[in-house]
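Participant: Below is a structure I'd like to ask you about.
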Amino acid sequence: MCKPHFTLYFIDIVGACNLRCPSCPVGNFQSNDFVNQSRPKGFMQLSLFEDILDKIKREDNEHEYVVIGVYNWGEPLLHPEYPKFIDAIKSRGFYAEVSTNLNVKKVKDVVSFAPHKLIISLSGYHREVYAKTHSNGDANLMVSNLYKLRYYMDKLKQNFAVEISYHLYEHNVGEDLERMMCIANDLGFHFSSELTLLMPLEKNFKYLRGEQLSELEQKLISLMLIKPEEQLKLAQPYKNTSCSLLNWKTINFDGSMATCCAVYDYEYNITNNFLKVSHTELEERKRNSSLCKRCMVQGLHALATYTARDELDKLINERLQKFGSKIIRDASHARHYSFDFH
Ligand code: SF4
Ligand code: SF4
């Protein structure tokens with residue numbers, strides 16, 4: 001029987017971020033959003049990371065390729081030992097994926113210790129546009145780093161996949177979108193774009209319960225290209241279908257494991273120690289998760305995985321037109337989920 005092609009582990013090597021994006025729990029989660037305790041912050045120990053990788057190697061034999069994404073709700077390039085994490089992944093024959101806001105000073109390191117794929121998430125070109133949805137970020141630093149990235153890739157003769165992932169909002173689909181597409185094209189990077197979700201999943205439960213939203217949440221929703229109620233409506237036909245995120249695993253910086261990459265509160269962790277629970281038992285716990293059941297009953301999983309793709313794409317293009325964009329989003333804007341495995 002054929003093995004499934006690849007699996008993906010998100011491992012947050014940094015449990016913190018230098019930015020405070022309002023669409024992300026790092027920026028939008030308040031202390032009263034947590035069920036009990038708030039979430040800890042910190043850096044993953046290299047030895048813990050290596051133990052986790054070794055356990056994956058021993059126990060997860062179902063897939064031909066294993067991709068390790070060293071991110072979820074944190075900025076991996078903040079880790080002082082970042083290069084060693086990339087080495088640890090590659091030395092075990094796994095594929096290394098990094099997602100960053102690129103508001104950092106170590107572009108040369110990123111290239112010298114190259115992952116197989118680097119994703120740069122952003123939401124604008126001009127400082128004032130970018131800063132609305134990448135709060136605390138500096139567009140000039142990020143854009144200049146894109147050029148440095150190309151410079152060092154050429155100088156050090158390092159070739160790896162780079163994807164610019166543009167988060168679409170009402171305020172950034174004009175000149176900003178066009179400029180970033182041109183820069184990606186000039187530098188030879190793949191350009192993808194996607195509508196923004198209200199994350200994490202817990203915020204959608206709050207939204208569905210009709211609870212009073214904070215000023216920050218209301219402001220975010222006012223900027224979203226497709227509003228949460230529209231996203232939810234499109235997700236309804238997929239209620240009670242299976243969820244593709246169940247196939248992937250998310251490990252926090254302290255070795256605990258989340259239900260999935262869309263969930264933030266430690267209340268919903270599957271275990272507080274990934275190392276101590278067998279792969280089979282972890283799969284079982286995910287399958288029986290009461291959070292997943294609640295999520296699927298309401299169709300939220302379809303929202304989190306953009307399942308209504310065709311309808312969403314149609315709506316995105318209607319909105320791009322409405323907000324004066326000359327761009328038509330087509331298949332070339334899709335996120336690349338596969339690697340050039342070899
Ligand atoms: S850069 Fe990424 S991890 Fe950091 S706050 Fe923004 S979305 Fe969250
Ligand atoms: S059902 Fe919901 S909580 Fe469970 S894995 Fe899917 S998106 Fe995450």
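The values are calculated or read from the model by the stated rules, or taken from the named source; none is laboratory data. As the structure is a prediction and not an experimental result, all values here were calculated from the model. For neighbour counting, all protein chains shown are included, and Cβ atoms are generated from backbone atoms with ideal geometry for every residue, glycine included. The protein model used for the area step is the full one, side chains on, heavy atoms only, and it has no ligands, DNA or RNA in it. Shrake-Rupley method; radii C 1.70, N 1.55, O 1.52, S 1.80 Å.
Participant: Give, to the nearest whole percent, the P(r) tail of the chain beyond 34 angstrom, counting all Cα pairs.
Facilitator: Details: 12420 of 58311 pairs.
Tail of P(r) above 34 Å: 21 percent of Cα pairs.
Participant: How much of the calculated P(r) for segment 265-318 lies past 17 Å, in percent of all Cα pairs? It would help to have the intermediate numbers written out before the result.
Facilitator: Numbers: 784 of 1431 pairs.
Considering segment 265-318, 55 percent of its Cα-Cα pairs are separated by more than 17 Å.
Participant: Moving on to the next point. Exposed loop sites here are GluC sites (Glu not before Pro) in DSSP loop states with at most 15 other C-beta atoms within 10 Å. What is the longest stretch of the chain lacking them?
Facilitator: Numbers: sites that count: Glu62, Glu64, Glu81, Glu211.
Between the exposed loop sites, the longest stretch runs 212-342.
Participant: Under the rule of at least 5 residues apart or a separate chain, name every residue whose amide H is placed under 5 Å from the amide H of Val162.
Facilitator: Under 5 Å from the amide H of Val162: Leu118, His190.
Participant: What share of the DSSP beta bridges in the chain is antiparallel, in percent to the nearest 5?
Facilitator: Details: 6 of 33 bridges.
Of those bridges, close to 20 percent are antiparallel.
Participant: On to the next question. Please list, in chain and number order, the residues 5+ apart from Gly42 or on another chain whose amide H is under 5 Å from its amide H, with Hs placed from the backbone.
Facilitator: It is Gly15, Ala16, by chain and number.
Participant: Can you pull out the chymotrypsin sites (Phe, Trp or Tyr not before Pro) in segment 262-342 that DSSP calls coil and that have at most 13 other Cβ atoms within 10 Å?
Facilitator: Values: sites: Tyr264, Tyr266, Tyr268, Phe274, Tyr306, Phe323, Tyr337, Phe339, Phe341; in loops: Tyr264, Tyr306, Phe323, Tyr337, Phe339, Phe341.
When the chymotrypsin sites (Phe, Trp or Tyr not before Pro) of segment 262-342 are filtered for loop state and at most 13 Cβ neighbours within 10 Å, Tyr337, Phe341 remain.
Participant: Return the lysines within reach of Lys239: Cα separation strictly under 20 angstrom, same-chain partners fewer than 8 residues apart disregarded; answer none if there are no such residues.
Facilitator: The qualifying lysines are Lys203, Lys206, Lys227, Lys286, Lys293.
Participant: Can I ask one more? Using only alpha carbons, build the gyration tensor for segment 1-143 and give me the equivalent ellipsoid semi-axes, biggest first, whole Å.
Facilitator: Values: eigenvalues 158, 73, 43 Å².
Its equivalent ellipsoid spans semi-axes of 28, 19, 15 Å.
Participant: Follow-up. Could you give the length gained on full extension between Glu50 and Glu170, defined as 0.36 nm per residue of separation minus the Cα-Cα distance, in nm?
Facilitator: So the extension gain works out to 39.0 nm.
Participant: Which order do His301, His116 take by accessible area at a 1.4 Å probe, largest first? Can you show the working numbers first?
Facilitator: Numbers: His301 5, His116 55 Å².
Ranked list, largest accessible area first: His116, His301.
Participant: With the other protein chains left in place, how much accessible area per residue, in square angstrom, belongs to the chain at a 1.4 angstrom probe? Walk me through the numbers on the way to the answer.
Facilitator: Numbers: 15540 Å² over 342 residues.
Here the per-residue accessible area is 45 Å².
Participant: Loop-only check: which trypsin sites (Lys or Arg not before Pro) in segment 203-305 are DSSP coil with at most 14 other Cβ within 10 angstrom?
Facilitator: Details: sites: Lys203, Lys206, Arg209, Lys219, Lys233, Lys239, Lys249, Lys276, Arg285, Lys286, Arg287, Lys293, Arg294; in loops: Arg209, Lys239.
Counting only loop positions with at most 14 other Cβ atoms within 10 Å, the trypsin sites (Lys or Arg not before Pro) in segment 203-305 are Arg209, Lys239.
Participant: If you don't mind, there's one more thing I want to ask. Using a probe of 1.4 angstrom, how much of the accessible area of segment 1-105 is carbon and sulfur, in percent? Could you put the intermediate results ahead of the total?
Facilitator: Details: 2220 of 4560 Å².
That share works out to 49 percent.
Participant: Could the peptides 141-153, 11-23 be put in order, highest first, of the mean number of other beta-carbon atoms found within 10 Å of their residues?
Facilitator: Numbers: 141-153: 17.8, 11-23: 21.5.
The densest-packed peptide leads the list: 11-23, 141-153.
Participant: Could you check the simple spin-label distance between Asn159 and Leu223, using points 7 Å along Cα→Cβ, in nm with one decimal?
Facilitator: Output for this residue pair reads 3.8 nm.
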